[in-house]
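Have a look at the structure below, then the notes.
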Amino acid sequence: MIALLRRDLALAVRAGGGFGLALVFFLIVVTLVPFAVGPGQVQLAAIAPGILWLGALLACLLSLDRILALDYEDGALELIATAPLPLEAVAAVKALAHWLTTGLPLVLVAPVLGILLNLPGPGYLWVVVSLAIGTPALSAIGTFGAALTVGLKRGGLLLSLIVLPLYVPTLIFGAEVARRGALGQPLETPLMLLAGITLASVALLPFASAAALRVNLR
Amino acid sequence: MSDHSLRPVSSLWEFANPVRFMALSGKILPFVWVACVACLGVGLVWGFFFTPDDYRQGSTVKIIYLHVPSALMAINAWFMMLVASLIWLIRRHHVSALAARAAAPVGATMTVIALFTGAVWGQPMWGTWWEWDPRLTSFLVLFLFYLGYLALWAAIEDADTAADLTSVLCIVGSVFAVLSRYAVVFWNQGLHQGATFSMDKEENISNVFWYPAVLSMLGFGLLFVALVLVGTRTEIRLRRTRALMARASAE
């Protein structure tokens, strides 16, 4: 498991792995928003938590097909599947590697981008906390979507179509935590619900991903 | 093949045999259609032309005879797909997978009808075509789930792979659809009235509206059954044709 994790991390960080693309995408989304809605500080502050969440979610989405597609193309996935490691563990490790190379950097860069959007003071902490809690769910759900579409030639758009509705609850609770945090309102309920979704996704979805992988590798 | 279908039916699962299914569905389909047309015809005509206008909502209330049944079927169609997917994954009956596939476009259409009639109704009632109300939003999300499911079916060439993957998606999607429903309620408390109908007809609605509404709900239910049966039969025939063509080209 650890060897697989190391391998995935190394492949992602090395040239051609696409590491950092998600961050650049996040930056571009956040840069474009003021052009679209106007530079008013009050207006930007009101939508900043939501934009940060949406940008992180889209950046996550764009990097999903990297999770499995390359391994599937060069045949590595079949070798990994024949290894003694159960496919459920493979799916969990893939999700973890995706989170470490995409989710975690997005969490770390979010407060910096918050400055651009005039995020209110208490919001920084809660944007980071909500993203840190929520992005593992995005990775787990995304791995499931990638496992469903891995055998397809033009799976990219289909992957988004399948995964985006599944992201709805995570986005709602995550953005709600960030929004309430920025306004200084009580946020225990959405925070706990967000954590619940993440824990359930991380615990259960690897089984669904493994089932889909088994079908696709048949 | 023929003496197979002569054996008396000993269990419900025997209808998973395509021959049995075709024979039975072929027999009941005309009755379902007749009952469906009768219920829809009587229910809708009665509802549209022979019920009084509501004292508060005027004649706009009559769209309820389309809105409520289609919304009901939109949810039940997904539920039926979930059951059919489970049966396919557990017992590997092809008819079940094909029925789930046949139900999806019908369910998606019902969702669109519910959203559209809701918008038409909402405009005079709430003064807006669209509002990010929990019920409306959940239906929109449900529609997105239908689209993803249909797209996955369409994208995969191998029939059994497609059936497996869409079944897994249907099960995971059901969990997330329910989650989204509660998340959306949490996110925004809305304008939409509570459910007007319940099986024990209570005080919300008078008998004048109740009977045609029940008839049209029954009609929509039968319409769904009929369309799913037709869709499943078409799929079975398509598969047979393909098998025959493959055999012919092999010879």
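The values are calculated or read from the model by the stated rules, or taken from the named source; none is laboratory data. Bear in mind the structure is a predicted one, so any value in this text is a computation, not a measurement. Note that we place each Cβ from the backbone using ideal geometry, even for glycine, and neighbour counts take in every protein chain shown.
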Region A:169-218, subset over 17 Å from A:Gly103 (Cα atoms) and of a type in the set (Val, Ile, Thr), residue farthest from the other protein chains (Cβ to nearest Cβ): A:Val177
Residue check, A:Ala146 of a type in the set (A, V, I, L, M), closer than 22 Å to A:Ala91 by Cβ and part of a helix (DSSP H, G or I): yes
Extreme residue, nearest to B:Arg181 (Cα to Cα), among residues of region A:149-176 that are of a type in the set (A, V, I, L, M, F, W, C) and part of a loop (DSSP other than H, G, I, E, B): A:Val150
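Residues are listed down the side, and each one gets a yes or a no for (1) in a helix (DSSP H, G or I); (2) without any contact (Cβ under 8 Å) to a residue 24 or more places away in the chain; (3) surrounded by fewer than 22 Cβ atoms within 10 Å (Cβ to Cβ):
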{"position": "B:Leu72", "(1), (2), (3)": "yes, no, yes"}
{"position": "B:Met81", "(1), (2), (3)": "yes, no, no"}
{"position": "B:Thr117", "(1), (2), (3)": "yes, no, yes"}
{"position": "B:Thr128", "(1), (2), (3)": "no, yes, yes"}
Residues located in region A:178-214, provided they are modelled with pLDDT under 90 and β-branched (Val, Ile, Thr): A:Thr189
Failed criterion for A:Gly121 (all others in (1) buried (at least 19 other Cβ atoms within 10 Å of the Cβ); (2) over 19 Å from A:Arg14 (Cα atoms); (3) not hydrophobic (A, V, I, L, M, F, W, C) hold): (1)
Lone unmet requirement of (1) surrounded by 21 or more Cβ atoms within 10 Å (Cβ to Cβ); (2) free of Cβ contacts under 8 Å to residues at least 12 places away in the same chain for A:Leu57: (2)
